Amino acid sequence: MKSFIDGMPKAELHVHLEGTLEPDLSFALARKNGVTLPYDSPEALLRAYDFDDLPSFLAVYYKAMAVLRGEEDFFELTWRYLQKARQQNIVYAEMFFDPQAHTARGVAFDAVIRGIRRAQEKAAAELGVETQLILCFLRDLSADSAMQTLHQALPYKHWLIGVGLDSDEKNNPPLKFAAVFAAARREGLKLTMHCDVNQANSREHIRQVLEDIRVDRIDHGVNCLEDLALCATIRERGLGLTVCPVSNRICVQDLTATQLRRMLELGLRATVNSDDPAYFRAYLNENLHALHEDGGLSMPEIVELVKNAFQVAWLDAPRRAGYLEQLQRHVDQAMPTAPAA
Ligand code: ADE
Ligand code: ZN
(Lines give C-alpha, C1' and ligand atoms only; values in the text may rest on other atoms or scores of the structure.)
(Ligands and ions follow the chains in the order given, each with its own letter.)
Protein backbone atom coordinates (compact mmCIF):
# COMPACT_ATOMS: atom_id res chain seq x y z
CA MET A 1 0.00 0.00 0.00
CA LYS A 2 2.82 2.39 0.86
CA SER A 3 4.49 1.98 -2.52
CA PHE A 4 1.09 2.16 -4.23
CA ILE A 5 0.46 5.53 -2.57
CA ASP A 6 3.97 6.81 -3.25
CA GLY A 7 3.74 5.85 -6.92
CA MET A 8 0.31 7.37 -7.55
CA PRO A 9 0.30 10.47 -9.73
CA LYS A 10 -1.16 13.07 -7.38
CA ALA A 11 -2.39 16.66 -7.21
CA GLU A 12 -1.87 18.94 -4.23
CA LEU A 13 -4.31 21.85 -3.88
CA HIS A 14 -3.55 23.20 -0.42
CA VAL A 15 0.10 23.89 0.31
CA HIS A 16 1.45 27.20 1.63
CA LEU A 17 4.84 27.83 0.03
CA GLU A 18 6.04 29.52 3.22
CA GLY A 19 4.94 26.36 5.02
CA THR A 20 7.49 24.36 3.02
CA LEU A 21 10.42 26.24 4.60
CA GLU A 22 12.57 23.44 6.04
CA PRO A 23 14.95 24.14 8.95
CA ASP A 24 18.07 23.51 6.83
CA LEU A 25 16.98 26.14 4.29
CA SER A 26 16.12 28.54 7.15
CA PHE A 27 19.67 28.22 8.39
CA ALA A 28 21.21 28.60 4.93
CA LEU A 29 19.15 31.74 4.22
CA ALA A 30 19.80 33.19 7.67
CA ARG A 31 23.53 32.88 7.07
CA LYS A 32 23.30 34.35 3.58
CA ASN A 33 21.06 37.27 4.64
CA GLY A 34 22.74 38.05 7.95
CA VAL A 35 19.63 37.17 9.96
CA THR A 36 20.21 35.83 13.48
CA LEU A 37 18.11 32.81 14.41
CA PRO A 38 17.60 32.15 18.12
CA TYR A 39 18.64 28.48 17.69
CA ASP A 40 22.02 26.74 17.37
CA SER A 41 21.09 24.28 14.65
CA PRO A 42 18.29 23.11 12.37
CA GLU A 43 17.63 20.33 14.90
CA ALA A 44 17.21 22.87 17.71
CA LEU A 45 14.82 24.86 15.50
CA LEU A 46 12.80 21.70 14.89
CA ARG A 47 12.54 21.10 18.61
CA ALA A 48 10.91 24.54 18.96
CA TYR A 49 7.95 23.38 16.82
CA ASP A 50 5.74 22.85 19.85
CA PHE A 51 2.47 24.31 18.51
CA ASP A 52 -0.82 22.57 19.24
CA ASP A 53 -3.38 24.93 17.73
CA LEU A 54 -3.70 27.38 14.84
CA PRO A 55 -2.54 30.58 16.63
CA SER A 56 0.51 28.89 18.20
CA PHE A 57 1.43 27.43 14.80
CA LEU A 58 0.98 30.78 13.04
CA ALA A 59 3.25 32.54 15.54
CA VAL A 60 6.14 30.19 14.66
CA TYR A 61 5.34 30.28 10.92
CA TYR A 62 5.41 34.10 10.62
CA LYS A 63 8.54 34.47 12.73
CA ALA A 64 10.45 31.98 10.59
CA MET A 65 9.75 33.97 7.40
CA ALA A 66 12.23 36.66 8.40
CA VAL A 67 14.95 34.73 6.53
CA LEU A 68 13.16 35.18 3.18
CA ARG A 69 14.52 38.47 1.87
CA GLY A 70 15.00 38.53 -1.89
CA GLU A 71 13.83 37.05 -5.18
CA GLU A 72 16.45 34.30 -5.06
CA ASP A 73 15.19 33.16 -1.64
CA PHE A 74 11.63 32.75 -2.94
CA PHE A 75 13.00 30.91 -5.96
CA GLU A 76 14.95 28.53 -3.73
CA LEU A 77 11.99 27.94 -1.39
CA THR A 78 9.67 27.10 -4.27
CA TRP A 79 12.24 25.07 -6.20
CA ARG A 80 12.95 22.88 -3.17
CA TYR A 81 9.22 22.22 -2.65
CA LEU A 82 8.80 21.37 -6.32
CA GLN A 83 11.72 18.94 -6.24
CA LYS A 84 10.10 17.31 -3.21
CA ALA A 85 6.79 17.25 -5.12
CA ARG A 86 8.50 15.44 -7.99
CA GLN A 87 9.91 12.84 -5.58
CA GLN A 88 6.40 12.31 -4.22
CA ASN A 89 4.88 11.91 -7.70
CA ILE A 90 2.88 15.10 -7.35
CA VAL A 91 2.32 15.97 -10.99
CA TYR A 92 0.18 19.05 -10.42
CA ALA A 93 0.06 21.58 -7.57
CA GLU A 94 -1.89 24.74 -6.79
CA MET A 95 0.25 26.61 -4.28
CA PHE A 96 -0.58 29.45 -1.88
CA PHE A 97 1.66 32.34 -1.00
CA ASP A 98 1.22 35.12 1.60
CA PRO A 99 2.59 38.33 0.05
CA GLN A 100 1.51 40.59 2.93
CA ALA A 101 3.75 38.62 5.31
CA HIS A 102 6.69 39.76 3.14
CA THR A 103 5.72 43.24 1.95
CA ALA A 104 5.08 44.17 5.61
CA ARG A 105 8.80 43.43 6.19
CA GLY A 106 9.90 45.60 3.28
CA VAL A 107 10.27 42.84 0.68
CA ALA A 108 8.99 43.93 -2.75
CA PHE A 109 5.91 42.12 -4.09
CA ASP A 110 7.75 41.82 -7.40
CA ALA A 111 10.67 39.94 -5.79
CA VAL A 112 8.33 37.48 -4.09
CA ILE A 113 6.25 36.59 -7.12
CA ARG A 114 9.12 36.64 -9.61
CA GLY A 115 11.17 34.19 -7.52
CA ILE A 116 8.21 31.84 -7.21
CA ARG A 117 7.39 32.13 -10.90
CA ARG A 118 10.93 31.27 -12.02
CA ALA A 119 10.84 28.09 -9.94
CA GLN A 120 7.43 27.19 -11.38
CA GLU A 121 8.77 27.56 -14.93
CA LYS A 122 11.91 25.55 -14.15
CA ALA A 123 9.84 22.77 -12.54
CA ALA A 124 7.52 22.58 -15.54
CA ALA A 125 10.47 22.38 -17.95
CA GLU A 126 12.84 20.15 -16.00
CA LEU A 127 10.67 18.09 -13.65
CA GLY A 128 7.39 17.88 -15.54
CA VAL A 129 5.57 19.25 -12.47
CA GLU A 130 2.78 21.64 -13.48
CA THR A 131 1.75 24.32 -11.00
CA GLN A 132 -0.54 27.31 -10.56
CA LEU A 133 -0.36 30.03 -7.95
CA ILE A 134 -3.00 31.32 -5.49
CA LEU A 135 -2.48 34.62 -3.67
CA CYS A 136 -3.70 34.44 -0.07
CA PHE A 137 -4.80 37.48 1.89
CA LEU A 138 -4.11 37.47 5.63
CA ARG A 139 -7.50 37.65 7.34
CA ASP A 140 -6.11 39.11 10.57
CA LEU A 141 -5.06 42.22 8.61
CA SER A 142 -7.59 44.76 7.36
CA ALA A 143 -9.80 44.51 4.29
CA ASP A 144 -8.07 47.70 3.04
CA SER A 145 -4.69 45.98 3.22
CA ALA A 146 -6.12 43.03 1.26
CA MET A 147 -7.52 45.40 -1.38
CA GLN A 148 -4.18 47.18 -1.70
CA THR A 149 -2.48 43.80 -2.11
CA LEU A 150 -4.95 42.82 -4.81
CA HIS A 151 -4.11 46.02 -6.70
CA GLN A 152 -0.39 45.33 -6.27
CA ALA A 153 -0.97 41.88 -7.76
CA LEU A 154 -3.02 42.91 -10.79
CA PRO A 155 -0.03 43.59 -13.08
CA TYR A 156 0.92 39.92 -12.45
CA LYS A 157 -2.63 38.59 -12.82
CA HIS A 158 -1.61 36.24 -15.63
CA TRP A 159 0.64 34.45 -13.10
CA LEU A 160 -2.26 33.82 -10.71
CA ILE A 161 -5.12 31.33 -10.94
CA GLY A 162 -6.99 32.58 -7.88
CA VAL A 163 -7.07 34.22 -4.48
CA GLY A 164 -7.48 32.69 -1.03
CA LEU A 165 -7.85 33.74 2.60
CA ASP A 166 -5.73 32.36 5.42
CA SER A 167 -4.22 33.16 8.86
CA ASP A 168 -6.14 33.51 12.13
CA GLU A 169 -9.85 32.97 11.64
CA LYS A 170 -10.96 34.13 15.08
CA ASN A 171 -13.11 37.30 14.65
CA ASN A 172 -12.10 37.45 10.97
CA PRO A 173 -15.13 36.11 9.08
CA PRO A 174 -15.27 35.69 5.30
CA LEU A 175 -17.72 38.62 5.04
CA LYS A 176 -14.97 41.03 6.15
CA PHE A 177 -13.41 40.46 2.70
CA ALA A 178 -16.56 40.41 0.54
CA ALA A 179 -15.57 43.50 -1.50
CA VAL A 180 -12.01 42.24 -2.09
CA PHE A 181 -13.20 38.86 -3.30
CA ALA A 182 -15.87 40.43 -5.50
CA ALA A 183 -13.15 42.58 -7.09
CA ALA A 184 -10.90 39.53 -7.57
CA ARG A 185 -13.73 37.68 -9.27
CA ARG A 186 -14.31 40.62 -11.64
CA GLU A 187 -10.64 40.26 -12.60
CA GLY A 188 -11.29 36.64 -13.60
CA LEU A 189 -9.61 35.05 -10.59
CA LYS A 190 -10.95 31.92 -8.88
CA LEU A 191 -11.94 32.21 -5.21
CA THR A 192 -11.19 30.00 -2.25
CA MET A 193 -11.11 30.66 1.50
CA HIS A 194 -9.88 28.82 4.55
CA CYS A 195 -12.60 27.60 6.89
CA ASP A 196 -10.20 26.06 9.38
CA VAL A 197 -11.30 23.14 11.56
CA ASN A 198 -13.20 23.69 14.84
CA GLN A 199 -12.95 27.48 14.80
CA ALA A 200 -15.40 29.78 16.55
CA ASN A 201 -18.43 30.20 14.24
CA SER A 202 -17.16 27.48 11.86
CA ARG A 203 -20.58 26.71 10.40
CA GLU A 204 -21.49 30.39 9.95
CA HIS A 205 -18.16 30.96 8.18
CA ILE A 206 -18.88 28.05 5.84
CA ARG A 207 -22.34 29.49 5.19
CA GLN A 208 -20.78 32.86 4.34
CA VAL A 209 -18.26 31.40 1.89
CA LEU A 210 -21.08 29.51 0.16
CA GLU A 211 -23.85 32.09 0.13
CA ASP A 212 -22.21 35.51 0.46
CA ILE A 213 -18.80 35.07 -1.17
CA ARG A 214 -19.76 32.15 -3.46
CA VAL A 215 -16.32 30.58 -3.49
CA ASP A 216 -15.14 28.09 -6.09
CA ARG A 217 -13.57 25.87 -3.42
CA ILE A 218 -13.26 25.63 0.38
CA ASP A 219 -9.97 25.08 2.20
CA HIS A 220 -10.53 22.65 5.09
CA GLY A 221 -14.31 23.07 5.60
CA VAL A 222 -14.56 19.89 7.69
CA ASN A 223 -17.21 21.38 10.00
CA CYS A 224 -19.73 21.39 7.14
CA LEU A 225 -20.52 17.87 8.37
CA GLU A 226 -22.36 19.42 11.32
CA ASP A 227 -25.02 20.81 8.99
CA LEU A 228 -26.61 18.70 6.28
CA ALA A 229 -27.89 21.80 4.45
CA LEU A 230 -24.30 23.03 4.02
CA CYS A 231 -23.28 19.58 2.78
CA ALA A 232 -26.14 19.58 0.28
CA THR A 233 -25.04 22.94 -1.16
CA ILE A 234 -21.41 21.82 -1.41
CA ARG A 235 -22.47 18.61 -3.15
CA GLU A 236 -24.89 20.30 -5.54
CA ARG A 237 -22.25 22.81 -6.61
CA GLY A 238 -19.56 20.11 -6.88
CA LEU A 239 -17.21 22.17 -4.72
CA GLY A 240 -13.89 20.75 -3.59
CA LEU A 241 -12.84 20.63 0.06
CA THR A 242 -9.08 20.66 0.67
CA VAL A 243 -8.64 18.69 3.89
CA CYS A 244 -5.23 18.54 5.60
CA PRO A 245 -5.19 15.51 7.92
CA VAL A 246 -1.77 15.78 9.61
CA SER A 247 -2.18 19.55 9.98
CA ASN A 248 -5.48 18.77 11.73
CA ARG A 249 -3.84 16.14 13.90
CA ILE A 250 -1.43 18.79 15.15
CA CYS A 251 -3.73 21.83 15.32
CA VAL A 252 -6.94 20.18 16.55
CA GLN A 253 -5.69 16.76 17.74
CA ASP A 254 -7.80 14.89 15.17
CA LEU A 255 -6.55 13.29 11.96
CA THR A 256 -10.10 13.81 10.58
CA ALA A 257 -10.03 10.41 8.85
CA THR A 258 -13.58 9.58 9.90
CA GLN A 259 -14.74 12.98 8.64
CA LEU A 260 -13.03 12.33 5.29
CA ARG A 261 -14.79 8.97 5.04
CA ARG A 262 -18.13 10.65 5.84
CA MET A 263 -17.52 13.29 3.18
CA LEU A 264 -16.98 10.55 0.59
CA GLU A 265 -20.15 8.77 1.73
CA LEU A 266 -22.09 12.04 1.29
CA GLY A 267 -20.72 12.52 -2.22
CA LEU A 268 -18.57 15.53 -1.29
CA ARG A 269 -15.38 16.05 -3.27
CA ALA A 270 -12.91 15.88 -0.42
CA THR A 271 -9.18 15.95 -1.17
CA VAL A 272 -6.02 15.35 0.89
CA ASN A 273 -3.31 17.97 1.23
CA SER A 274 -0.24 18.83 3.30
CA ASP A 275 -0.91 22.51 4.28
CA ASP A 276 2.48 23.41 5.84
CA PRO A 277 4.53 20.24 5.36
CA ALA A 278 7.84 21.50 6.74
CA TYR A 279 6.16 22.38 10.04
CA PHE A 280 3.77 19.45 10.34
CA ARG A 281 6.56 17.09 9.22
CA ALA A 282 4.40 15.42 6.57
CA TYR A 283 4.24 15.99 2.82
CA LEU A 284 1.37 14.65 0.75
CA ASN A 285 2.46 10.99 0.75
CA GLU A 286 2.87 11.00 4.53
CA ASN A 287 -0.64 12.43 4.87
CA LEU A 288 -2.01 9.57 2.77
CA HIS A 289 0.04 6.99 4.72
CA ALA A 290 -1.37 8.36 7.99
CA LEU A 291 -4.93 8.10 6.68
CA HIS A 292 -4.37 4.46 5.72
CA GLU A 293 -2.27 3.34 8.67
CA ASP A 294 -3.71 5.38 11.53
CA GLY A 295 -7.09 6.38 10.11
CA GLY A 296 -8.01 3.01 8.60
CA LEU A 297 -8.96 4.37 5.18
CA SER A 298 -9.04 1.69 2.50
CA MET A 299 -7.26 1.66 -0.83
CA PRO A 300 -10.46 2.54 -2.79
CA GLU A 301 -11.09 5.43 -0.40
CA ILE A 302 -7.54 6.71 -0.89
CA VAL A 303 -7.93 6.40 -4.66
CA GLU A 304 -11.18 8.35 -4.54
CA LEU A 305 -9.59 11.15 -2.52
CA VAL A 306 -6.67 11.41 -4.96
CA LYS A 307 -9.04 11.35 -7.92
CA ASN A 308 -11.14 14.13 -6.37
CA ALA A 309 -8.12 16.43 -6.33
CA PHE A 310 -7.78 16.22 -10.12
CA GLN A 311 -11.54 16.61 -10.50
CA VAL A 312 -11.76 19.83 -8.51
CA ALA A 313 -8.40 21.30 -9.62
CA TRP A 314 -8.57 24.54 -11.60
CA LEU A 315 -7.58 22.80 -14.83
CA ASP A 316 -9.05 22.82 -18.32
CA ALA A 317 -10.87 19.69 -19.48
CA PRO A 318 -8.07 18.11 -21.59
CA ARG A 319 -5.46 18.50 -18.86
CA ARG A 320 -7.85 17.15 -16.24
CA ALA A 321 -8.65 14.15 -18.44
CA GLY A 322 -4.95 13.51 -19.06
CA TYR A 323 -4.16 13.42 -15.33
CA LEU A 324 -7.16 11.20 -14.56
CA GLU A 325 -6.01 8.74 -17.24
CA GLN A 326 -2.53 8.73 -15.73
CA LEU A 327 -4.04 7.94 -12.34
CA GLN A 328 -6.25 5.20 -13.77
CA ARG A 329 -3.23 3.53 -15.40
CA HIS A 330 -1.46 3.44 -12.03
CA VAL A 331 -4.54 1.96 -10.32
CA ASP A 332 -5.03 -0.65 -13.06
CA GLN A 333 -1.41 -1.73 -12.87
CA ALA A 334 -1.45 -2.02 -9.10
CA MET A 335 -4.84 -3.64 -8.63
CA PRO A 336 -6.51 -4.79 -11.85
CA THR A 337 -9.77 -5.60 -10.01
CA ALA A 338 -10.11 -2.23 -8.30
CA PRO A 339 -13.08 0.04 -9.04
CA ALA A 340 -12.59 2.66 -11.74
CA ALA A 341 -10.61 5.67 -10.51
N1 ADE B 1 -1.41 29.86 6.95
C2 ADE B 1 -0.58 28.84 6.75
N3 ADE B 1 -1.16 27.70 7.13
C4 ADE B 1 -2.41 28.01 7.57
C5 ADE B 1 -3.51 27.28 8.09
N6 ADE B 1 -3.47 25.95 8.24
N7 ADE B 1 -4.61 27.95 8.44
C8 ADE B 1 -4.66 29.28 8.30
N9 ADE B 1 -3.67 30.00 7.82
C10 ADE B 1 -2.55 29.38 7.45
ZN1 ZN C 1 -3.84 26.22 4.93
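The values are calculated or read from the model by the stated rules, or taken from the named source; none is laboratory data. For clarity, every value in this text was computed on a predicted model and none was experimentally measured. We place every Cβ from the backbone using ideal geometry, glycine too, and count neighbours over all the protein chains shown.
Going by the conditions given, is PHE109 at pLDDT 95 or above and of a type in the set (Phe, Trp, Tyr)? Outline the logic, then answer.
Working: at pLDDT 95 or above: yes; of a type in the set (Phe, Trp, Tyr): yes.
Answer is yes for this residue.
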If a residue must be part of a helix (DSSP H, G or I) and modelled with pLDDT of 95 or more, how many such residues does region 18-42 contain? 14
Within the bounds of region 303-313, is there any residue that is more than 22 Å from the chain's Cα centre (by Cα) and at pLDDT 95 or above? no
Write out, first by first residue and then by second, each pair whose Cβ atoms fall under 6 Å of each other, whose residues are 6+ apart or on separate chains, and whose first residue, in region 240-257, is closer than 15 Å to SER202 by Cα and part of a helix (DSSP H, G or I) while the second is away from ligand 1 (no atom under 11 Å from the Cβ) and not acidic (Asp, Glu). ASN248/THR256
Residues located in region 250-288, provided they are closer than 27 Å to ALA48 by Cα and among the hydroxyl-bearing types (Ser, Thr, Tyr): THR256, SER274, TYR279, TYR283
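The rows are residues; the columns are (1) farther than 24 Å from ILE134 by Cβ; (2) surrounded by 22 or more Cβ atoms within 10 Å (Cβ to Cβ); (3) of a type in the set (Val, Ile, Thr).
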site: LEU241; (1), (2), (3): no, yes, no
site: ILE250; (1), (2), (3): no, yes, yes
site: ARG262; (1), (2), (3): yes, no, no
site: ALA270; (1), (2), (3): no, yes, no
site: ASN273; (1), (2), (3): no, yes, no
site: ASP294; (1), (2), (3): yes, no, no
site: LEU297; (1), (2), (3): yes, yes, no
site: ALA309; (1), (2), (3): no, yes, no
site: ALA334; (1), (2), (3): yes, no, no
For region 69-83, name all the residues that are closer than 10 Å to ILE113 by Cα and either β-branched (Val, Ile, Thr) or surrounded by 24 or more Cβ atoms within 10 Å (Cβ to Cβ) (or both). PHE74
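Just the residues that are among the polar types (S, T, N, Q) and either farther than 16 Å from LEU82 by Cβ or surrounded by 22 or more Cβ atoms within 10 Å (Cβ to Cβ) (or both), please, taken from region 121-146.
Those that are among the polar types (S, T, N, Q) and either farther than 16 Å from LEU82 by Cβ or surrounded by 22 or more Cβ atoms within 10 Å (Cβ to Cβ) (or both): THR131, SER142, SER145.
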